[in-house]
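The values are calculated or read from the model by the stated rules, or taken from the named source; none is laboratory data. Not measured: the values here are computed from a predicted model. Note that we place each Cβ from the backbone using ideal geometry, even for glycine, and neighbour counts take in every protein chain shown.
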Amino acid sequence: MRLRARYRPLTLGCAAATLLAGAVVALPAAHAATTACTVTWQPTNDWGSGATVDVTVTNHGASLTGWTLGWTFPGTQQVTSSWNGSYQQTGAAVTLRNADWNATIGTGASTTAGVSLNYTGGNPAPTAFTLNGDPCTGPAPTTTPSTSPSTSPSSSPSPSTSPSPSTSPSTSPTGDPNPTDPPGIGRVTRQGTKLLLDGRPFRFGGVNLSWLGLDENVGGIAYPTTFRIDDGLDTAKAMGATVVRSHTLGISTAHPLTLEPKLGQFNDQAFASIDYAVAAARSRGLHLVVPLTDNWHWYHGGRHDFTDWLGLPEDAFYTDPRAVAAFEAYIDHLLNHVNPYTKTAFKDDPTVLAWELGNELTGVNTTWIRTISAHLKQLSPQTLVASHWSGQEYGVDEVDIVDAHYYPFNSADQIRNDARDITSHGKVYLAGEYGSTDVTSAKLDPLVGDPNVTGALFWQIFPHRDDFGYVQHNDGYTLHYPGDDATMRGRADAIRRFQYAMSGVAVPPVPAPGAPLLTSAQRTGGGVALAWRGASTAARYTVRRSTTGADGPWTTVCDKCASDNNTPWTDTSAPATAAWYQVTGYTVDGVAGPASPALKTGEGSSVGTTLWDFESGTDGWGGTNLAGGPWSVTDWATSGTHSLKGDLTLGARTAYLARTGAANLSGRTTLRVSAKLAGWGNAGSGVQVKVYVKTGPSWTWYDGGPVALTPAGSTLTLSLAGVANLGDVREVGVQVISPADSSGTSAVYLDNVTVA
């Protein structure tokens, strides 16, 4: 695996000669209308076929309210996502439009947005930029800036001067690390088998957000956007969590984007999302449990990386001095890092409740536990140490907390018996993971009255996507709040009540949602398809339309009729003339949040190219093992008026809806399909679906993993990164799997098959 290169930022003003890739390139002369601004193009990651880039625009002219930055790629680059703004790309030309919170750029002020992109060949930087349609000319009155880019790279990811991460969503912040300190947070301490916070007993409910430092669920392995970090933490807070456990804040090895991609070689760009997440948790009063390695071979790394690097068997991680020393060196680099948001070294940050030796480690011995625990206590003496439950840790004085996991979570007695055992050995008990799909109030409520149970953390929340809908995950334990369907809402409510009870606090009303963000308003054959980035705690959305302008007056065209599971939502009554839209989120109790900024038809990022919408028939799709169909029907639709329907016979059966025939998806990054299960039939433990493609002469199968198919509907997503032979796609389809305990008949609906 190639270690990611470090980059100097490239600062551009129009009418400048720019040093690019070792050659002086003369930029075209500006036309009469110009804008006094400069743009810094700073790649933060580059893995040979894709990159992430921070784009900072500095306004040297009059204050701007609303901005659109434009450029043309000199190479093959295709933007796949953006943050702190919405993008649109036509050919090589790209525009990046402000988000709602960063629309104003005062005189002399800067704002940073960013893009992820794919490319083939090279990745040359753009050579000119426009702001609101006019070329950037650099600082006024100077019209001939320096002919070379900045030659002084930043020494570390540095935040802007915003006082709180929640209001500074730059993914890789730039500027001096000189923010106002975020709100203080108390330090958790141990007293025997109990924890104290500010001298008072501390018991808690909480959640796992494994992906805060590095994610695998949106377009492949990549750093999460600051919006998704904020959305996940806001959701945790709204559910009553006071502790968050996150693997990727501490486990980060052997991938080009991780902290230690190769033995002894550190990639400090990986700290950008870690720093942001830690500071964001601190600002919300959330404490963290941070595992330091993993027993399993997941994308973020694990103990096997150290033994693989050293050519050792995996269990030598616990016994070979070289492996122990390598792990301690990794710990040192992680814990000695100073967070530029908080100006606090990780080892000294009271946000961290505990360092966990590793996630679900097996084969451990007492000597290794004592060695690593003692190393942590010497390096970070005020922070607690947790160990996964093996029994080997009982005699190690440096271990404070013992962490047990529950798959399945069968009963309250299961946890209470384990807590009694662990506390009898003088340790604090923590249920570090329990599956959200196993939850009932009957299992959780008895734990509140058991003083041996200090804390319990469910697995796990996934946030809203940056464009629309939710991030999907395929391990069977995903929770979207307030819930994709009635079953998930019931589990979420039970968890929320339990978590507030563990804190000794009455359950408050669900907080009002934040403002959604409309990301697209594009005309289709069936009307105007609207997509929006969702708001935490929103259960339903109201859509309003104006034919006059962005300030209204407004007509309601959807009264709490849409959710995050059926976007894009189509306004089938849209006029042929220009229209403006705004969206408002509501909690399950009907409490409204602020409306989104208005978006005009034709604006925002395209949500993808529609391949098949079934408006005029089945579009060549067929079925295998169906009880009937497929047909184009008007029973349900997410775009237009029609969808594809196939009848199902339930009960340990697998059926397919598919279109067989040549398709060229070269250059595409994501395939999406809207899907829904009919409301009749007994779905048993749950019908699952996978969107898939078959490519190349061998018809190689690639799928997006199983997703629960429910009457509420969902969006199926397949990342095309890593799919071979995209120019030779032989089949696109959806696999439907009904469990053995399902029975009767039902139907599956598909709509809006798109690629982006």
Only one of Ala442, Ala456 is in contact (Cβ under 8 Å) with a residue 12 or more places away in the chain, more than 20 Å from Arg245 (Cβ to Cβ) and not assigned by TED's automatic domain parsing to the domain that holds Tyr87, namely Ala442
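A quick yes/no check of all residues on (1) in contact (Cβ under 8 Å) with a residue 24 or more places away in the chain; (2) in contact with a Cys (Cβ under 6 Å, 6 or more places away or on another chain); (3) not charged (D, E, K, R):
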residue: Arg523; (1), (2), (3): yes, no, no
residue: Arg540; (1), (2), (3): yes, no, no
residue: Ser546; (1), (2), (3): yes, no, yes
residue: Ala550; (1), (2), (3): yes, no, yes
residue: Thr556; (1), (2), (3): no, no, yes
residue: Ala562; (1), (2), (3): no, no, yes
Picking from Ser424, Ser411, Ser380, the residue that is surrounded by fewer than 24 Cβ atoms within 10 Å (Cβ to Cβ), within 23 Å of His247 (Cβ to Cβ) and among the hydroxyl-bearing types (Ser, Thr, Tyr) would be Ser380
Per the list (1) surrounded by 18 or more Cβ atoms within 10 Å (Cβ to Cβ); (2) on the phi > 0 side of the Ramachandran plot, residue check on Ser742 breaks on (2)
Hey, does region 733-749 have a residue that's among the acidic types (Asp, Glu) and touching a strand residue (DSSP E or B) at 6+ places or on another chain (Cβ under 6 Å)? no
Restricting attention to region 705-750, and to residues there that are part of a loop (DSSP other than H, G, I, E, B) and of a type in the set (S, T, N, Q), which single residue is farthest from Leu626 (Cα to Cα)? Asn725
Just wondering, is there one or more residues in region 553-565 that are of a type outside the set (Ser, Thr, Tyr) and in contact with a His (Cβ under 7 Å, 6 or more places away or on another chain)? yes
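Condition check ((1) over 14 Å from Phe266 (Cβ atoms); (2) in contact with a Pro (Cβ under 7 Å, 6 or more places away or on another chain); (3) not in a helix (DSSP H, G or I)) across all residues:
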residue: His297; (1), (2), (3): yes, no, yes
residue: Gly301; (1), (2), (3): no, no, yes
residue: Asp305; (1), (2), (3): no, no, no
residue: Trp309; (1), (2), (3): no, no, no
residue: Thr342; (1), (2), (3): yes, yes, yes
residue: Lys347; (1), (2), (3): yes, no, no
Ala374: touching a His at 6+ places or on another chain (Cβ under 9 Å) and surrounded by fewer than 17 Cβ atoms within 10 Å (Cβ to Cβ), yes or no? no
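Quick one: which of Asn339, Asn365 is assigned by TED's automatic domain parsing to the domain that holds Ala254, out of contact with any Leu (no Cβ under 9 Å at 6 or more places or on another chain) and buried (at least 20 other Cβ atoms within 10 Å of the Cβ)? Write out each step before concluding.
Values: Asn365 fails: buried (at least 20 other Cβ atoms within 10 Å of the Cβ).
Only one candidate qualifies: Asn339.
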Those residues that are assigned to a loop (DSSP other than H, G, I, E, B), under 19 Å from Ala675 (Cα atoms) and among the hydrophobic types (A, V, I, L, M, F, W, C), I need them from region 451-480; list them, please. Phe468, Val471
Just to be sure before I move on: is Arg489 surrounded by 24 or more Cβ atoms within 10 Å (Cβ to Cβ) and basic (Lys, Arg) in the structure I sent? no
Being surrounded by 19 or more Cβ atoms within 10 Å (Cβ to Cβ) and within 26 Å of Asp475 (Cβ to Cβ), is that true of even one residue in region 628-647? yes
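Considering only residues that are of a type outside the set (Phe, Trp, Tyr) and farther than 24 Å from Thr440 by Cα, look in region 455-470 and name the one that is surrounded by the fewest Cβ atoms within 10 Å (Cβ to Cβ).
Residues of region 455-470 of a type outside the set (Phe, Trp, Tyr): 455-457, 460-461, 463-467, 469.
Right, trim to farther than 24 Å from Thr440 by Cα and you get 464-467, 469.
Details: His464: 26, Arg465: 25, Asp466: 21, Asp467: 25, Gly469: 24.
Filtering region 455-470 for residues that are of a type outside the set (Phe, Trp, Tyr) and farther than 24 Å from Thr440 by Cα, the one surrounded by the fewest Cβ atoms within 10 Å (Cβ to Cβ) comes out as Asp466.
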Within region 685-704, is there a residue that is of a type outside the set (Ser, Thr, Tyr), touching a residue at least 60 places away in the same chain (Cβ under 8 Å), surrounded by fewer than 23 Cβ atoms within 10 Å (Cβ to Cβ) and not in a strand (DSSP E or B)? yes
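Filter region 368-386 down to residues that are assigned to a helix (DSSP H, G or I) and touching a Ser or Thr at 6+ places or on another chain (Cβ under 8 Å) and give me whichever is nearest to Ala325 (Cα to Cα). Spell out the reasoning first.
Applying the first criterion (assigned to a helix (DSSP H, G or I)) to region 368-386 yields 368-379.
Narrowing the set further to residues that are touching a Ser or Thr at 6+ places or on another chain (Cβ under 8 Å) leaves 368-369, 373, 376.
Values: Trp368: 11, Ile369: 14, Ser373: 13, Leu376: 13 Å.
Out of the qualifying residues, it is Trp368.
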Answer yes if at least one residue in region 722-732 is surrounded by 17 or more Cβ atoms within 10 Å (Cβ to Cβ), closer than 27 Å to Ala562 by Cβ and modelled with pLDDT of 90 or more, and no otherwise. yes
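Would you check if there is a residue in region 662-672 being of a type outside the set (D, E, K, R), modelled with pLDDT of 90 or more and either out of contact with any Phe, Trp or Tyr (no Cβ under 8 Å at 6 or more places or on another chain) or surrounded by fewer than 20 Cβ atoms within 10 Å (Cβ to Cβ) (or both)?
yes
Is there a residue being within 29 Å of Gly705 (Cα to Cα) and either touching a Gly at 6+ places or on another chain (Cβ under 7 Å) or surrounded by 23 or more Cβ atoms within 10 Å (Cβ to Cβ) (or both) anywhere in region 577-591? Give the derivation first.
Kept after step one, since they are within 29 Å of Gly705 (Cα to Cα), are these residues of region 577-591: none.
Among the residues of region 577-591, not one is within 29 Å of Gly705 (Cα to Cα) and either touching a Gly at 6+ places or on another chain (Cβ under 7 Å) or surrounded by 23 or more Cβ atoms within 10 Å (Cβ to Cβ) (or both), which makes the answer no.
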Name the one entry in Gly219, Gly213, Gly232, Gly192 that is modelled with pLDDT under 95 and either in the same structural domain as Gly426 (by TED's automatic domain parsing) or closer than 26 Å to Val453 by Cα (or both). Gly219
Subset of region 202-255 [over 13 Å from the mean Cα position of the chain (by Cα), of a type in the set (A, V, I, L, M, F, W, C), crowded, with 24+ Cβ neighbours inside 10 Å and outside any loop (DSSP other than H, G, I, E, B)]: Val207, Ala236, Val243, Val244, Leu249
Filtering region 395-410 down to residues that are in a loop (DSSP other than H, G, I, E, B) and in contact with a Lys or Arg (Cβ under 6 Å, 6 or more places away or on another chain) yields Val396, Glu398, Asp400
